Amino acid sequence: MKNILIIGPSSTIAKSYINHPKNALNNILQFSFSDPTSTIQTLQERISNENFHSVIYFANKKIESSNFNTQESAFINVELPIQIAQVCQRYGSQFLVFSSTRIFDEKEPFVRRKADYSAETEYGRQKVDLELGVSQYNSKVLRLTKVLSKDDEVWLNWSRSITLGIQTLVYKNKYISPIFLHEVVLAIDKVLGLNDGNIFQFSRSTELSYEMLFKDFINYSSKKISKPININSIDFINSTETHSSLNCDAELVDCLGNFDTQYEEFVRSFY
């Protein structure tokens with residue numbers, strides 16, 4: 001049994017990791033800064049005293065145009081995890097954080113691990129700073145492509161459009177290589193068990209456009225709700241071509257399952 005500390009347990013990926021059946025064999029502890037009694041000093045004391053095998057940082061500040069605060073997001077996304085990485089190195093706990101395809105300009109598909117950074121957004125630049133910062137302290141970084149979650153507004157809007165006729169947009173020229181939550185859980189455990197490397201990439205070997213995914217969303221939805229679906233409320237939009245895919249590390253390929261089967265289950269779960 002391993003002692004594993006989860007920082008930011010309310011995130012979607014963190015919940016999936018905590019609740020995964022295989023973690024019944026581990027001692028999973030949680031730490032949230034939303035608790036008013038939680039401070040950086042408290043966290044440092046826990047790491048120094050409780051002999052954690054691994055510390056996983058899920059805390060993440062989304063950058064939204066309506067309430068964007070550069071200083072706050074930089075602290076949560078960059079400064080704090082770098083501080084924790086230092087503490088983990090000092091007390092012998094391996095530290096894992098998450099990055100994304102946003103560290104690249106997303107003009108090209110299946111970016112190699114050693115490709116030069118080319119972030120074009122503030123979020124992407126913060127992820128670059130995160131990677132560079134924690135890498136100084138023997139930490140691990142897991143880069144992810146688009147993770148499919150029922151909490152994501154994209155899929156929620158698609159479901160509402162189908163069931164309620166609410167207008168929604170579907171982009172034709174945006175390509176992603178989607179992964180599922182339970183696949184990410186498997187990849188996390190695989191990365192924690194590897195001795196070599198500090199940056200890992202997790203992605204499918206194929207890309208799909210949002211248009212293609214939406215058409216399958218309709219097909220799988222129609223099987224579940226057993227009635228014709230009116231797509232008059234759907235606007236298919238041409239846009240600047242972008243890609244969200246990575247050259248997946250060979251060690252993580254076996255964490256991926258059959259996409260079509262899993263995607264059908266994912267779509268049917270909305271009804």
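Of all residues in region 211-230, which are part of a loop (DSSP other than H, G, I, E, B) and surrounded by 14 or more Cβ atoms within 10 Å (Cβ to Cβ)? The one that is part of a loop (DSSP other than H, G, I, E, B) and surrounded by 14 or more Cβ atoms within 10 Å (Cβ to Cβ): Ile229.
With respect to (1) in a helix (DSSP H, G or I); (2) of a type outside the set (Val, Ile, Thr); (3) free of Cβ contacts under 8 Å to residues at least 40 places away in the same chain; (4) farther than 26 Å from Glu211 by Cα, the lone exception for Tyr117 is condition (1).
Hey, among the residues in region 122-142 that are touching a Lys or Arg at 6+ places or on another chain (Cβ under 7 Å) and in contact (Cβ under 8 Å) with a residue 40 or more places away in the chain, which one's surrounded by the fewest Cβ atoms within 10 Å (Cβ to Cβ)? Walk me through it before giving the result.
The first filter runs over region 122-142 and keeps only residues touching a Lys or Arg at 6+ places or on another chain (Cβ under 7 Å), leaving 123-124, 127.
Those still in the list that are in contact (Cβ under 8 Å) with a residue 40 or more places away in the chain too: 123, 127.
Working: Tyr123: 19, Lys127: 26.
Looking at the filtered set, the residue picked out is Tyr123.
Please verify whether region 54-71 includes one or more residues that are out of contact with any helix residue (DSSP H, G or I) (no Cβ under 6 Å at 6 or more places or on another chain), crowded, with 19+ Cβ neighbours inside 10 Å and assigned to a helix (DSSP H, G or I). No; the residues of region 54-71 include none that is out of contact with any helix residue (DSSP H, G or I) (no Cβ under 6 Å at 6 or more places or on another chain), crowded, with 19+ Cβ neighbours inside 10 Å and assigned to a helix (DSSP H, G or I). Note on region 120-154: residues that are over 21 Å from Arg204 (Cα atoms) and of a type in the set (A, V, I, L, M, F, W, C) total 4. Beta carbons closer than 6 Å, at least 6 apart along the sequence or on distinct chains, pair a first residue in region 1-13 that is farther than 24 Å from Asp151 by Cβ with a second that is at pLDDT below 95 and not in a loop (DSSP other than H, G, I, E, B) for Met1/Asn27; Asn3/Asn27.
If you go through region 186-210 and keep only what is in contact with a Lys or Arg (Cβ under 8 Å, 6 or more places away or on another chain) and assigned to a helix (DSSP H, G or I), you end up with Asp189, Val191, Leu192, Tyr210. When restricted to residues that are hydrophobic (A, V, I, L, M, F, W, C) and either surrounded by fewer than 18 Cβ atoms within 10 Å (Cβ to Cβ) or within 18 Å of Leu80 (Cβ to Cβ) (or both), region 95-109 contains 4.
The values are calculated or read from the model by the stated rules, or taken from the named source; none is laboratory data. In this text the structure is predicted, and so the values were computed from the model without any measurement. Note that we place each Cβ from the backbone using ideal geometry, even for glycine, and neighbour counts take in every protein chain shown.
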